[in-house]
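What follows is one structure encoded as structure tokens, with my remarks underneath.
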Amino acid sequence: MPAIIAHRGYSAAYRENSPAAWQGAIEADADVIEIDVRRSTDGIFVCCHDADLKIAGYSGLIKHMTVA
């Protein structure tokens, strides 16, 4: 049986991997919500699609950064 998978939440209407996108996917009756989780060097899990933060203007990989 086919399933509706919300890639990064309801990212067509909300910022991807955000609580609003997840809630929007639930309200749109998605069967599954796919998110991207990365781990920082200090062991904190963060939601981010890319391994780096170039989209936010930072260089380097999340796994080499601290949350601070």
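Overview of values
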quantity: Per-pair calculated FRET efficiency, R0 = 30 Å: residue 34 and residue 66 via Cβ, rounded to 0.05; calculated: 0.70
quantity: Stretchable slack from residue 15 to residue 44, in nm (0.36 nm times residue separation minus alpha-carbon distance); calculated: 8.3 nm
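Bear in mind these aren't lab numbers, they're just calculated from the coordinates by the rules spelled out. Here the structure is a predicted model, which is why all the values come from computation and not from measurement. All Cβ positions, glycine included, derive from the backbone under ideal geometry; neighbour counts span all protein chains shown.
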